[in-house]
Each structure stands twice: as structure tokens, then as C-alpha cells.
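Q: I'd like to ask you about the structure that follows.
The values are calculated or read from the model by the stated rules, or taken from the named source; none is laboratory data. Just so we're clear, the structure is a prediction, and the values are computed from it rather than from any experiment. For neighbour counting, all protein chains shown are included, and Cβ atoms are generated from backbone atoms with ideal geometry for every residue, glycine included. Ligands, DNA and RNA are excluded from the accessible area calculation, which covers all protein heavy atoms including side chains. Shrake-Rupley method; radii C 1.70, N 1.55, O 1.52, S 1.80 Å.
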Amino acid sequence: MEAAQLKAEFLRLLKEDEEFRYAVAGLLGFREILDAIRSLQEQVAHNTEAIRALQEQVRALQEQVARNTEAIRALQEQVAEHSKAIRALQEQVAEHSKAIRALQEQVRNLQEQVRALQEQVRDLQEQVRALQEQVARHSEVIERHSARIEELARSIQALGARWGILAEESFREAMRGVIERFFGGEVRRWTYYDSEGFVFGYPSTIEVDLLITDREHMLMEVKSSISRADVFELWRIGQLYEKLTGVKPKLAVISPFVRLEARKAAEELGIEVYTSLGL
């Protein structure tokens, strides 16, 4: 089998045969070097024996030349033939040496590939550990948010039950306090004059509640009741906010009454809904 075919077969086995790949990974090192050295020693010994045999032939020829002066020309022709054979053998030895060097280079390359694969495996293991830690942290955050959302829903329900005695602005202020308590940060009013008419199609002043925490920006529509038009309006305001600030905000509607079509629209647009009742 030629060196290129051997290399291709070796690489194929590394890719397709897991047991062979692990065996190579475990055996790479001094064993292959020692095997290569032993192979070289055996070849040198074989070549040495061949050279000794040729030397014996040369000595026999020289003795025959001394004894048979009349046959010098014939012996010279024989020596020429033997010299040609020696050159052929030397060329074969040179080719074999070249092939051995190529195989040694292939072994070194394979060792480098194995070391690189080992480094990649270690890097992947580190990434997996980091992802596991991140998932664990995210799970804790989700649990905390779930608890806060439950508390927020109960607060909305309580405020909705008292809606008969609260004006809408009072409801908004009460909900700001609840949101600041559960989510942290401070709720403020984001106001912007939309001269291009991005939201409504004509120039108008945009106002929406904004909560900024360490991790995210949240735009909220806090009203006594939410319609589908309110949902689409908040969605367009979110696009305008991202266009102006470069930050993609989370969007949420908060109300004790969210109409069914508004709830469906919010779900399709990825807007969170905090409510206790729906129409």
C-alpha cells in the first residue's frame, strides 16, 4: 500500500472507527517512535547484510581478476553490471529512506492532530461546565421571576377588585410601586416626539412607562383595560425605542382587564401580559 493510501486509510479509521481512534490516542507516544526505530534498525541490519554480501562478491571478483588477468575485460563487464545493481539498490535504499521520513512526518502530524483534538476536548469540557453553571443561574433567575410574577398577578387582582374606587391615574401610580418592588429599578415615563409619525402614521408625542434594570429595558402599558389597539401601539413604540436607542426592550401590558383579542395579539407579538381577568 502506498504512503498516500496508507495515510487516507489511517485518517478514515480515525474519523469513522471510535475504538480505533481511542486506541490510537492511547498508544500515540513512545511506542510508535520505538516501533519506527526498530523497523529502521531491522532495515539497516538487512541493508548491512546485503552490503556485506556485495563486499564479499567484490573481494571474490578482485581475487579472480588477480588470478585471471586474461579475463579482466569480462570481469570488468561483470563489475559494471554489479555496480549498476548496487546503484539500483542504493536508489531503492534512498527511496525507502525517503518513504520512512515521509511516514515519520505523517506520524508527527498525526500526533499534532491528536494533541489538537485533546485541546479541543478540554475546551469543550470547559464550555459545557460554563454552560451548566449558566443554566443553573438562569434557573434560579426564572424561579425568582416566577415568584415575582405570581405576586404581581395577585397584586393586580387585588387592585382590580378595588377598581371601582380608583381612578386610572391612581391605578397607574399604584402599579408603578408594585413593579418597582417586584422587578427592582425605577419606573419612569419615557416621552418622545415622533416627528416622522413612526407609531401612528402622523407626528405625535409618545408616552410609555419605562423600567430599566441591570440586565434589560422594559416598556410597559399600564391601563385599567387593554384593547388590541393598545397592544399594537406598544409594539410600534418598542420598535421606535429600539431604533432610537439601539436596545431591544421587553414589552409588557399590565391591567386587570385584558380583552381576549388583545391577549392573542400580545402572544403573537411576544408581549408579556400581567392580568387577573380577561374579556
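Q: Here is a list: A94, A102. Which entry is without any contact (Cβ under 8 Å) to a residue 60 or more places away in the chain and of a type outside the set (S, T, N, Q)?
A: A94
Q: Considering only the range 67-108, state which residues are open to solvent by less than 70 Å² (accessible area, probe 1.4 Å) and over 26 Å from I51 (Cα atoms).
A: Q106, V107
The rows are residues; the columns are (1) exposed (fewer than 10 other Cβ atoms within 10 Å of the Cβ); (2) on the phi > 0 side of the Ramachandran plot; (3) at pLDDT below 75.
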site	(1), (2), (3)
E2	yes, no, yes
D17	no, no, no
L27	no, no, yes
R31	no, no, yes
L34	no, no, yes
I37	no, no, yes
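Q: Continuing with the same structure: Any idea which residue in the range 255-276 is nearest to S227 (Cα to Cα), counting only those that are assigned to a loop (DSSP other than H, G, I, E, B) and at pLDDT below 90?
A: By that ranking, first place goes to R259.
Q: Would it be correct to say that A252 is in a strand (DSSP E or B) and either under 30 Å from R137 (Cβ atoms) or open to solvent by 70 Å² or more (accessible area, probe 1.4 Å) (or both)?
A: Spelling it out, A252 is indeed in a strand (DSSP E or B) and either under 30 Å from R137 (Cβ atoms) or open to solvent by 70 Å² or more (accessible area, probe 1.4 Å) (or both).
Q: May I pose another question? Determine, yes or no, whether V65 is in a helix (DSSP H, G or I) and at pLDDT 75 or above.
A: no
Q: So which of L244, L260, L269, L240 ends up being crowded, with 16+ Cβ neighbours inside 10 Å and of a type in the set (A, V, I, L, M)?
A: Only one candidate qualifies: L240.
Q: Residues that are surrounded by fewer than 18 Cβ atoms within 10 Å (Cβ to Cβ) and at pLDDT 70 or above: list the strands (runs of 3 or more DSSP E) wholly contained in the range 140-233 that include at least 3 such residues.
A: 186-194, 204-212
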